[in-house]
């Protein structure tokens with residue numbers, strides 16, 4: 001009987017040691033994963049910031065004649081919250097009768113379109129003094145795939161992209177929101 005008890009104690013001691021070692025390995029893996037998440041998140045944030053800055057500078061330094069209109073004012077990262085509703089507009093262009101809201105992405109995706117469309121709705125609520133202004137929407141990206149461009153055009157959203165050292169705006173079928 002004693003041999004079995006000794007054997008059980010050894011087995012349990014071994015299992016406890018193995019469990020403690022596994023816990024250490026898991027803790028180290030978790031630490032590394034968090035570090036990797038932070039690194040990847042930082043890269044993604046930097047890419048997004050780069051795209052916003054690139055397109056903002058292009059509009060700020062350009063003539064701002066597009067969407068068939070001339071815009072006099074430009075704002076970057078316009079953010080507002082009111083009665084639980086909050087939104088941020090990467091680039092907003094203004095004139096006496098129109099507002100252009102441009103969402104800037106490093107690499108645009110089809111799932112960005114609903115968010116862009118929602119910008120007109122939230123802007124009218126958050127900035128009611130622009131309620132009678134025409135609102136134009138644009139999706140600016142360093143990279144578009146053809147199907148995404150077409151979906152934007154079909155929805156009435158301007159496609160704004162980098163082509164070489166130039167910003168190209170396709171406002172075919174642009175809709176007033």
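The values are calculated or read from the model by the stated rules, or taken from the named source; none is laboratory data. Just so you know, these numbers come straight off a predicted model, no measurement behind them. Here Cβ is always computed from backbone atoms with ideal geometry, including for glycine, and neighbour counts include all displayed protein chains.
Structure notes:
- Residue within the range 19-28 that is part of a helix (DSSP H, G or I) and either modelled with pLDDT of 80 or more or under 17 Å from the mean Cα position of the chain (by Cα) (or both) present: no
- Qualifying residue in the range 144-156 (condition: crowded, with 17+ Cβ neighbours inside 10 Å, in contact with a helix residue (DSSP H, G or I) (Cβ under 6 Å, 6 or more places away or on another chain), at pLDDT 95 or above and in a strand (DSSP E or B)): no
- Scanning the range 157-175 for residues that are in a strand (DSSP E or B) and in contact (Cβ under 8 Å) with a residue 24 or more places away in the chain gives 158, 160, 162, 167, 169.
- Residue 58 within 14 Å of residue 158 (Cβ to Cβ), surrounded by fewer than 19 Cβ atoms within 10 Å (Cβ to Cβ) and without any contact (Cβ under 8 Å) to a residue 60 or more places away in the chain: no
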